[in-house]
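The values are calculated or read from the model by the stated rules, or taken from the named source; none is laboratory data. These numbers were taken from a predicted model, which means no experiment stands behind them. Here the Cβ positions follow ideal geometry from the backbone for every residue, glycine too, while neighbour counts run over all protein chains shown.
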There are 4 protein chains.
Amino acid sequence: MIIHMVEGASGDEAERVIDRIKSDYGLFCESIVGTGSIVIGVKGIAGVIDEGRISELPGVDRVIRITEKFKDASRSFHPEDTVIDLGNLKIGGKNLTIIGGPCAIETEKQALDSARLAKDSGVDVLRTFVDKSRTSPYDYRGLEIEKGLEIASAMRQETGLPIVSELIDLRHLEAFLKAGIDIIQVGARSSQYSPLLEELSLLNVPVILKHGMGNDLNEWLCAAAYLMSGLDRSGKPSHRGNPNVILCYRGIRAFESATRFSADISMIPLVRMKSHLPLIADPSHSSGDRKLVERVAYGFVAAGAGGLEFDIHSNPEEALCDGSQAVTHEAERIVSTSRQIHALLNGYGVETGVSLELMGTGGS
Amino acid sequence: MIIHMVEGASGDEAERVIDRIKSDYGLFCESIVGTGSIVIGVKGIAGVIDEGRISELPGVDRVIRITEKFKDASRSFHPEDTVIDLGNLKIGGKNLTIIGGPCAIETEKQALDSARLAKDSGVDVLRTFVDKSRTSPYDYRGLEIEKGLEIASAMRQETGLPIVSELIDLRHLEAFLKAGIDIIQVGARSSQYSPLLEELSLLNVPVILKHGMGNDLNEWLCAAAYLMSGLDRSGKPSHRGNPNVILCYRGIRAFESATRFSADISMIPLVRMKSHLPLIADPSHSSGDRKLVERVAYGFVAAGAGGLEFDIHSNPEEALCDGSQAVTHEAERIVSTSRQIHALLNGYGVETGVSLELMGTGGS
Amino acid sequence: MIIHMVEGASGDEAERVIDRIKSDYGLFCESIVGTGSIVIGVKGIAGVIDEGRISELPGVDRVIRITEKFKDASRSFHPEDTVIDLGNLKIGGKNLTIIGGPCAIETEKQALDSARLAKDSGVDVLRTFVDKSRTSPYDYRGLEIEKGLEIASAMRQETGLPIVSELIDLRHLEAFLKAGIDIIQVGARSSQYSPLLEELSLLNVPVILKHGMGNDLNEWLCAAAYLMSGLDRSGKPSHRGNPNVILCYRGIRAFESATRFSADISMIPLVRMKSHLPLIADPSHSSGDRKLVERVAYGFVAAGAGGLEFDIHSNPEEALCDGSQAVTHEAERIVSTSRQIHALLNGYGVETGVSLELMGTGGS
Amino acid sequence: MIIHMVEGASGDEAERVIDRIKSDYGLFCESIVGTGSIVIGVKGIAGVIDEGRISELPGVDRVIRITEKFKDASRSFHPEDTVIDLGNLKIGGKNLTIIGGPCAIETEKQALDSARLAKDSGVDVLRTFVDKSRTSPYDYRGLEIEKGLEIASAMRQETGLPIVSELIDLRHLEAFLKAGIDIIQVGARSSQYSPLLEELSLLNVPVILKHGMGNDLNEWLCAAAYLMSGLDRSGKPSHRGNPNVILCYRGIRAFESATRFSADISMIPLVRMKSHLPLIADPSHSSGDRKLVERVAYGFVAAGAGGLEFDIHSNPEEALCDGSQAVTHEAERIVSTSRQIHALLNGYGVETGVSLELMGTGGS
């Protein structure tokens, strides 16, 4: 962290900044006094400093953060790829993990038909979503949770595949675990909802974390840090945290209205470079259009995504939720071609830019 | 709702659409058959139709929604301004309601000093925020809830003003109500978190609803509809809903990085036109810079906002949270000048555009 | 085009709309009268109607455009892919065209070194940019135009490759053509500058058209229509137009600041679906970071782009312009791997969604 | 400017950076060597350094700009408000300048009727736009330029008011000046088109500069610097530059589709703080809806805008261009109430934040 004092700031003002950083965060500083300007550099891990507070001190012009605030999710602090073991499945690193299934469970028949179609298409993990966070209360929000979880278990039973389901309401957590949900998903609308993140940080179960449609990279990785850090409310370490976090990119809101969200392809290699966590991407929710899903899926894999999650529905024209972005028989080709592209590029590695990020104890 | 069939769609395909709308929603349609194209118009209140489902039917090109999906919050269905009574205070309609206080309660002294400053500045309602939803787990998240609520009560006691506090974790709801919180705020990060909205829809306590930084007008008013509609999970009316919703505009994410958020001034008269709910705006969180707060506040009031909510801190340079957007002694001038601008313009009314919105039973 | 009248609009108001459309555009309408609402459908090619004018007529609620306003660039009116012949090179359709070279010509040595590197890397067309549109007047704007064009010709001579250069100032057009520039590029900052588009519409030379960083798909394809339509200022056809337009996607402005622009991967298959024009994409300018260029390039190709344009510089650390997004020795691998991915997927075709778009004379 | 070297960068690498800055820009540096990291501070006016070039040098991690690149437009270099004299009119400083008139000249009758209406409403300057930059070639682009300019002169004659008109095509410049256009406007679509800015920098005639809908504050003020700096293509001072620049804010593209553009109200006081140039705002083009124009105008004035420019049309329902955002009889109330709000607030001054911005020769 570098603190730039305003032109003409006094030595006393600089001292006050240095003292504050020492007293509040236990960190030491060095300063450079130029002709009429003073710059202060913080030594050590400055990731914990709240720059808003420092920028309020008299004489401070700008506070420039150099290390990120999402330490646990950052490759700077964990250079090796995280690989998550889920039974025989490995998620992260050089693996490609494909997740598919219906956007929502609607009926037992629709769910089981879709599950079989997804399995036949070659997916690794099955979507079994029972609770839906919808924009309007008039939209379909899913079956009763217990009934839905029962069908989710049946989908698992029928296919032998691990299953993922989105947890929205904390009060359903126990039922989710009892029903054998293998991966818990945190959706875009709850991705900054801290009570949910804190509760899941107490578990070891893998969590797929989407980002909010209005969140940037920093906020997304900070949400991951909520899951991983094991800090309590007062900022003190209280438990181990949940290391099994999988990031899922799904595009952000931008002014272009011809696509549902703007899935910035540069984010795929960038997130891989910045974070050691497994990264997958969702071509259904980002494009919002079945006709685009296949090519967007290939784009994500070619850009370095370690997996995909997309909607597969046995009968999308009867779907109660987001049918227009689900694929059916195309799923098989999407899965097999994605694996071919991944194999073609897998020797290439990902630019991790470690020299840029890795800072030792003298850094800031 | 208008459904445009693709060029060359058959009469049978049009019939199927009409049948589906009748069977699923109990609504009737009329169709117009042009040279090679068919257009179907839905009669009656089509707000409940899920257009995604209809757009999946064979032969459908586009589904065009004419009425909004946020019925309860819409001026179309409730042409008169909603005015909320809170003791002697009236919020909404031609009233101007000013809310101020620290961004977060940090210590008893800071809280009481700030409360007195806010009261002396002339605010109507006091901010007493005990729980903070922060981007990073390393940031200050507030005191222990019980201790915080105790101080909030003391602030209320000290000033005699009604108090507002943000509820993040549902498990704190009872304690909030016991502590005498007069208005519950739903923040940007939880504004689409349905379990919270559903729980608050069971109460009668006024709720200030912010919008997410990545949400548009439709999503914001749909979140209000979650609070107001009293629908259960299956979409059936189950209770009265909470009619006491106050909208608070705080700007959205846009590419301009020189301001914290983009607070589109056109949204102020537009939201007043579209919704009957009281509308206030937050010049601290939208601008993110104390030096901008005063003028932004005047802009909001002149554009038709029915109130303001902003950060007042007795000692911002020691603030633990967002000190850089809090005002101190400037608060008094902001309050009094805002009231002058409001008085100057109050005879003017707001364009409600009723002719555009008000649709009878034959509309769609 | 569908015109929805407000609830309670009179038959006379509807008649006036129908008359206006007939008198101003020579088009006929049909209307459907519902219980309390009237909907008017325009028959024939309504792409030329200015909806702003119609929406001003009394009693009109909404005007809903169904066909696009970029007729000449639209696949609806030209279902087959446009393929442009440039010597032995074919651009568009199933071909992959790779363009590379320095962001700007700085010195003869830098230009020729970079040209040789680009040729050795396997590019099809050479970037030879002599005029630079820069944000600040303090930034490097290129050599004198004549000197620059001389070097551009030398690059062409040296490599035997066709060359592309951006035309900013109309007064340089003649010199560009004399210097043997094979393809003229229209950059993001001039992509809506109509005098330039109009002048280039008089030629036959291929034009690469980028979109402005604040433009959406409709505006981009309308800019293409300026190049192609051959309409004069009064809207009357006056010449043939330039059919040889190549679209180049480079990402838009969005709130994410971790990448330079947001290159929405869904736009690649969507533009292919909407337009018959060749589509290439620029991984250097969209990502803004050399470390991301390779993977972004693969993403674009896998998503269906018909080509790439990116910066190759023999010595980027001495570059005067955008050196941080230029690649050097990596270029060869990028070119060859892009060709492999393209070959793997080339049998797949692109979803052209013709049924959605193709509207006959009865459409609207 | 501060240059942060990567962890472990060598002293030689730091030397190379310092040498480069001296040789290329004639500026001196000081460096601070911490435990394992080196920070370099540039002394003197670093605004001219191209940070992209420096960031390419080996061992450089980040280059952090402290002064802006739009020196001529910046309050740091010109603390006093610029006030432009136009006959009896003063634009800038504590003055409020209101500009109104039709979006485009369509016929002599429409133009003169609208001019009289604008004058009767109390505007200071008349809009007389003869050339229109439109999204689609099928839209109305204005009369023949000569005919249009003739009518513009007649509007000036009829009302005695100074007139403003947008110059798009450089080849019309002479005709504009001959026709007595008092102020030349540069529109959103040409605001980064450097040949136009360079040509206008040779004149003394006041220029209203809009920003592109995809441009941020830095780019806007850099466009102003193009007009003001008098640098030639090689970056050397060649003439005086045009000091008479008026900024006009009109909102940017954002994801909210309910308003035409997002006019961030915080930008009004921020631009006043950052720049000494007169700032006006356009409530017609930002909101895009006549029903919103009045309140948006009041918002801009209350937030500190030094003027307004909006569309006044005698008969908007027949308008050929943007009729839906033009006001008629409401104009009078908008003008008079804006003047009342301005008078109420004019004593308040604008926060210029000079301490933040003003940097002497020792700054960077």
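Summary of values
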{"quantity": "Selection count, region C:239-265, where residues are aliphatic (A, V, I, L, M) and touching a helix residue (DSSP H, G or I) at 6+ places or on another chain (Cβ under 6 Å)", "calculated": "4"}
{"quantity": "Residues of region B:130-157 classified as more than 14 Å from chain A (Cβ to nearest Cβ) and of a type outside the set (A, V, I, L, M), total", "calculated": "4"}
{"quantity": "In region D:262-299, residue farthest from residue D:71 (Cα to Cα) [restricted to those that are facing another protein chain (nearest Cβ under 7 Å) and within 15 Å of the chain's Cα centre (by Cα)]", "calculated": "D:286"}
{"quantity": "Hey, residue B:139 over 23 Å from the mean Cα position of the chain (by Cα), part of a helix (DSSP H, G or I) and surrounded by fewer than 22 Cβ atoms within 10 Å (Cβ to Cβ) or not", "calculated": "no"}
{"quantity": "Residue A:106 buried (at least 19 other Cβ atoms within 10 Å of the Cβ), within 14 Å of another protein chain (Cβ to nearest Cβ) and of a type outside the set (A, V, I, L, M)", "calculated": "yes"}
{"quantity": "Tabulated pairs, region B:267-295, first at positive phi, second surrounded by fewer than 24 Cβ atoms within 10 Å (Cβ to Cβ), C-beta under 6 angstrom, 6+ apart or interchain", "calculated": "B:288/B:260"}
{"quantity": "Qualifying residue in region A:189-200 (condition: in contact (Cβ under 8 Å) with a residue 24 or more places away in the chain, buried (at least 24 other Cβ atoms within 10 Å of the Cβ) and charged (D, E, K, R))", "calculated": "yes"}
{"quantity": "Total residues in region D:238-265, condition of a type in the set (A, V, I, L, M, F, W, C) and either in a loop (DSSP other than H, G, I, E, B) or touching a Pro at 6+ places or on another chain (Cβ under 6 Å) (or both)", "calculated": "7"}
{"quantity": "Condition met for residue C:262 (touching a Leu at 6+ places or on another chain (Cβ under 6 Å) and among the polar types (S, T, N, Q))", "calculated": "no"}
{"quantity": "Residue selected from region A:202-213 under the condition within 14 Å of chain B (Cβ to nearest Cβ) and crowded, with 23+ Cβ neighbours inside 10 Å, by the criterion nearest to residue A:236 (Cα to Cα)", "calculated": "A:209"}
{"quantity": "Total residues in region A:252-261, condition at the interface with another protein chain (Cβ under 7 Å from one of its Cβ atoms) and either of a type in the set (Asp, Glu) or under 24 Å from residue A:183 (Cβ atoms) (or both)", "calculated": "2"}
{"quantity": "Selected residue [at the interface with another protein chain (Cβ under 10 Å from one of its Cβ atoms) and either in contact (Cβ under 8 Å) with a residue 40 or more places away in the chain or surrounded by fewer than 22 Cβ atoms within 10 Å (Cβ to Cβ) (or both)] from D:55, D:114, D:74, D:121", "calculated": "D:55"}
{"quantity": "Every residue from region C:300-338 that is more than 9 Å from every other protein chain (Cβ to nearest Cβ) and surrounded by fewer than 24 Cβ atoms within 10 Å (Cβ to Cβ)", "calculated": "C:314, C:315, C:328, C:329, C:330, C:332, C:335, C:336"}
{"quantity": "Region D:205-240 - residue that is among the polar types (S, T, N, Q) and modelled with pLDDT of 90 or more and, of those, nearest to residue C:255 (Cα to Cα)", "calculated": "D:215"}
{"quantity": "Any hit, region B:295-312, residues being in contact with a strand residue (DSSP E or B) (Cβ under 8 Å, 6 or more places away or on another chain), of a type in the set (Lys, Arg) and either closer than 15 Å to residue B:210 by Cα or in the same structural domain as residue B:90 (by TED's automatic domain parsing) (or both)", "calculated": "no"}
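Every residue, every condition in (1) of a type in the set (A, V, I, L, M); (2) touching a strand residue (DSSP E or B) at 6+ places or on another chain (Cβ under 7 Å); (3) assigned to a loop (DSSP other than H, G, I, E, B); (4) modelled with pLDDT of 95 or more, yes or no:
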{"site": "C:98", "(1), (2), (3), (4)": "yes, yes, no, yes"}
{"site": "C:106", "(1), (2), (3), (4)": "no, no, yes, no"}
{"site": "C:111", "(1), (2), (3), (4)": "yes, no, no, yes"}
{"site": "C:114", "(1), (2), (3), (4)": "no, yes, no, yes"}
{"site": "C:117", "(1), (2), (3), (4)": "yes, yes, no, yes"}
{"site": "C:120", "(1), (2), (3), (4)": "no, no, no, yes"}
{"site": "C:123", "(1), (2), (3), (4)": "yes, yes, yes, yes"}
{"site": "C:126", "(1), (2), (3), (4)": "yes, yes, no, yes"}
{"site": "C:129", "(1), (2), (3), (4)": "no, yes, yes, yes"}
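Residue by residue, here is whether (1) out of contact with any strand residue (DSSP E or B) (no Cβ under 7 Å at 6 or more places or on another chain); (2) modelled with pLDDT under 85 holds:
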| position | (1), (2) |
| --- | --- |
| B:17 | no, no |
| B:24 | yes, yes |
| B:27 | no, yes |
| B:31 | no, yes |
| B:39 | no, yes |
| B:44 | yes, yes |
| B:50 | yes, yes |
| B:69 | yes, yes |
